[in-house]
Structures are given as structure tokens and as C-alpha cells.
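S.K.: Structure provided below as C-alpha cells; questions to follow.
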Amino acid sequence: MELTFALRGNILYTPACGRLELRPQQYLVCEKGLVAGIFTELPERFRGIPLHDHGDRLILPGLVDLHVHASQYAYRGLGMDMELLDWLEQNAFPEEARFAGMDYADAAYRVFAEELTRSATTRACVFATVHRPATLRLMELLEKAGLRGFVGKLNMDSNCPDYLRETTEGSLAETRRWLEESAGFSGVRPAITPRFIPSCSQRLMDGLGQLRREYGAAMQSHLSENLSEIAWVRQLRPAAPFYGAAYAQPGLFGGECPTVMAHCIWSGEEERALMKERGVFLAHCPQSNMNVSSGIAPVRAWLREGQKAGLGSDVAGGAHLSIFRAMTDAIQCSKLRWRLVDDSLPALTLPEALYLATKGGGAFFGKVGSFEPGYEFDAIVMDDAGLPTTRQCTLAERLERVVWLSDGLPLAKYVAGRRLF
């Protein structure tokens, strides 16, 4: 089926970080799943294609979630008075153990897939659990829904409860089988997913590096999230000069390995320099960073350095799936860092936060997250009619109100040129 059509409405996007492009009452054309352009009038060659007229509503690029735990969705909003390592022991690990049962996994992942489909998120990097059959079921559900993204079967052979701990050989064998069984998916692809360095032995990491090279998979994990975690990594990997080096040694840190690292709050200059050199994506998860008392990431420094960066909901460390909420949390956290930590790093602006939520994070998937010609056609239509005001708002102000005040649920959603609803 040729995915060629046009949308009409108020078109907003960020072709560069901090630059908000406003195209009121214009036409956005999708040609075979890609953006053909934005026009004040439809060119002759597009006359007669299907037109979806969205009136005075706002049309934005689909939002990108670079870090979310599908298996944790059931307990979002719980345990927010604990720090990271305690939170894992008391919340994350017991819940994830339930995914050994396919009935529970199917029910839980159906809820997650339905909620993600209803949201403004069009692409996501998703963590599952150590369980291969359940991870494949999650991928099936997301693929059927029409979403795009990466999904990871977790690996853990160390420093975790016995009921979740894999043997090194078993973890690698199950990961190989999962990579082979997931080869048939097109929109949802596998990502090697060691939970974090403390949960993976050196032998397991070396084996995952070999599997990644063999299958050409992407990679995702956590990095420099919490000071206690970093101190633990120093004990476990004394030869590594910094946390990221423990991923780099087995070949799981950018370069030929497409990599997303969540948090990176405490990444030092040497670690960040290697991330920039190797093109590692930093997933900023502001709500989770607050909820589990990890810290305030220096996002302004990342942007000044030219790091590849985007936003993550980090459910259930973050209590909300909405990337609009991640945008506002990112702005608020940056204000606190500017005021309380480092006044040389100004707070984020709304156009910068929108860039991180769209083109910034979207770059991990290729040409995604913008309405520039040749980009994959991911779009959401937001209706601000339910946000009454006596003010005469500009288009930029209407966007601001949608980000800060709406429920974040789009009226219509398109992924790679396909309309989901």
C-alpha cells in the first residue's frame, strides 16, 4: 500500500535544537511513508491524494522515548520514597519475576502496548525482563500496534535475586535464541540489554559483545545514574577508569554499536568525551532522576558539547509514560541545576525540550523526529480546544500550553506513514 496523503493544520517542529518552526494552516505531505515537504498550497503532483484536514489543531512530530521499562508499568507511582538500589530490590525485581509466567506477561504487556499506542510516543527503546518468551510477546504486541522501536531481553547473572539470576551460559544461549527468533520483526528490533554493569559478570559482557557483533544489534543500558551505583562499579571493575569504560571494553559503547545509555547524571568529562567520540545517545530521564534521588543531569552541558541526546520516561522510575511530562520535568530540573548547582548552565527552553523529545532522540532511529523532506513520517495531532483561556494565544503559546497542561493524548497518530488512529 502506498502511504501517500496530506495533512492540513498548524505544523510545528524543531529542525535544529532551540529553533521552533511554525507553519500555520499549511499542508504536510507524506509520500510513501516519508515527508515530502510542507506547502502553503498543494503542488500539482499532489492534487488528488487523500487529505486529512485537522482544522486549527496542532501537528507535531511523534515523540520519542529513549528509555522505558515495559515490565515495570504495573507499579508506576509506587515506592517513590526509596533510592535506586533499594527500589530495585523491593519493587523492580519482584515484579519482573512474574514475567516467567506467560499469562501474566501477556496481560501486563497488553496494558503497556495499549497505553503506549494511545500516547504521543511513536518510537521507543524498551526494556523487558530476562525471560525470552515474554520478551518476544512484547515485541509481537508492539509490532501489531504499528509502533516502532527497540526491545531488549535483559541479562543478569550477578548481584540480583536468585529467582531472576541467569547462569552465564544460559543467559547467552537465551539471548542468541531470542535474536534469531526476533529476526522476523520489521518495525520492532532487538537491542542487547545488560541491565547494568553490577548485574553482569565480565564473562557475560564479553559474550554479549560477541553476540552484538555477530547479529549487528543495537545496545541499551544504564550509566552513571546514582553515586552508590558508581562506587559499586569501581569495586567490580577496578581496571575500568570510569563506568562507561566497562561497557566499551567488550564493544558495547557506540561506534559500530548503536548505543543508548540512560541517565548519565554523573558522567565525568572523560566519560562524556568518549560518548561524543563514539556517538553514544544519552537518554535524559528527569522524573526518574528525581523520584529515586539520583541527581540533576547537566543537560545544558550535553547540548554545548554536541552530545547525541533525547528524553526517556523511565517508567516506573518515572511515574508517567508521557514524553510531554518528560519535557516539562527536563525544563524544571534544568532550572534547579542552574539556580542551585551551576549558574553557568542556563535552563532549557521549550523549543530545546521539544527538540530532545523529537529530532534529538529520533536520530537514534535514523531520519526520525522532524518534518524535513526525507524524514520518516511520524506525526501526532494535538487538540487544545479543551484548554480554554480568555487570552489570544500565538501558535507558539498554544504549543506551550499543550505541553504543560494537556493530558498528552493525541487526536490522531501516524507512524512511518501509517495512521494508528
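S.K.: For Gly362, are the conditions met, namely being touching a helix residue (DSSP H, G or I) at 6+ places or on another chain (Cβ under 9 Å) and in contact (Cβ under 8 Å) with a residue 40 or more places away in the chain?
M.R.: On the way: touching a helix residue (DSSP H, G or I) at 6+ places or on another chain (Cβ under 9 Å): no; in contact (Cβ under 8 Å) with a residue 40 or more places away in the chain: yes.
When the stated conditions are applied, Gly362 does not pass them.
S.K.: Look through the stretch 217-255, keep the residues that are under 20 Å from the mean Cα position of the chain (by Cα) and small (Gly, Ala, Ser), and return whichever of them is most open to solvent (accessible area, probe 1.4 Å).
M.R.: Restricting to residues being under 20 Å from the mean Cα position of the chain (by Cα) and small (Gly, Ala, Ser), the top hit is Gly255.
S.K.: Of everything in the stretch 256-276, what is farther than 15 Å from Ala217 by Cβ and either surrounded by 24 or more Cβ atoms within 10 Å (Cβ to Cβ) or without any contact (Cβ under 8 Å) to a residue 12 or more places away in the chain (or both)? Give them in sequence order. Before the answer, list the steps.
M.R.: Just the residues of the stretch 256-276 that are farther than 15 Å from Ala217 by Cβ, to begin with: 261-276.
Residues satisfying the conditions are Met261, Ala262, His263, Cys264, Ser267, Glu269, Ala273, Met275.
S.K.: Follow-up. Could you go through the stretch 58-70 and let me know if any residue there is in contact with a His (Cβ under 9 Å, 6 or more places away or on another chain) and under 28 Å from Ile197 (Cβ atoms). Outline the logic, then answer.
M.R.: Taking the stretch 58-70 first, the residues in contact with a His (Cβ under 9 Å, 6 or more places away or on another chain) are 66-67.
Next cut, under 28 Å from Ile197 (Cβ atoms) only: 66-67.
Looking for residues that are in contact with a His (Cβ under 9 Å, 6 or more places away or on another chain) and under 28 Å from Ile197 (Cβ atoms), one finds at least one in the stretch 58-70, hence yes.
S.K.: When you go through (1) closer than 18 Å to Glu270 by Cβ; (2) outside any helix (DSSP H, G or I) one by one for Ala231, which number turns out not to apply?
M.R.: (2)
S.K.: Oh, and also: Got a number for residues in the stretch 27-46 being in contact (Cβ under 8 Å) with a residue 24 or more places away in the chain, open to solvent by 20 Å² or more (accessible area, probe 1.4 Å) and part of a loop (DSSP other than H, G, I, E, B)?
M.R.: Here the count works out to 2.
S.K.: Here is a follow-up. From the set of residues in the stretch 14-26 that are in contact with a helix residue (DSSP H, G or I) (Cβ under 8 Å, 6 or more places away or on another chain) and in a strand (DSSP E or B), which is least open to solvent (accessible area, probe 1.4 Å)? Steps first, please.
M.R.: Here is the first cut: in the stretch 14-26, the residues in contact with a helix residue (DSSP H, G or I) (Cβ under 8 Å, 6 or more places away or on another chain) are 14-20, 22, 24.
Add one more test, that the residue is in a strand (DSSP E or B), and what stays is 14-16, 19-20, 22, 24.
Numbers: Thr14: 0, Pro15: 20, Ala16: 40, Arg19: 126, Leu20: 45, Leu22: 70, Pro24: 73 Å².
Applying the filter and picking the extreme gives Thr14.
S.K.: Is it the case that Arg213 is open to solvent by 10 Å² or more (accessible area, probe 1.4 Å) and among the charged types (D, E, K, R)? Spell out the reasoning first.
M.R.: Numbers: open to solvent by 10 Å² or more (accessible area, probe 1.4 Å): yes; among the charged types (D, E, K, R): yes.
It is true that Arg213 is open to solvent by 10 Å² or more (accessible area, probe 1.4 Å) and among the charged types (D, E, K, R).
S.K.: Could I ask something else about it? For the stretch 289-333, name all the residues that are open to solvent by less than 30 Å² (accessible area, probe 1.4 Å), without any contact (Cβ under 8 Å) to a residue 60 or more places away in the chain and of a type in the set (Asp, Glu).
M.R.: Matches in the stretch 289-333: Asp329 only.
The values are calculated or read from the model by the stated rules, or taken from the named source; none is laboratory data. Values in this document were obtained by computation on a predicted structure and should not be read as measured data. In this analysis, Cβ positions are derived from the backbone assuming ideal geometry, glycine residues included, and neighbour counts consider all displayed protein chains. All accessible areas refer to the heavy atoms of the entire protein, side chains included, with ligands and DNA or RNA removed. Shrake-Rupley method; radii C 1.70, N 1.55, O 1.52, S 1.80 Å.
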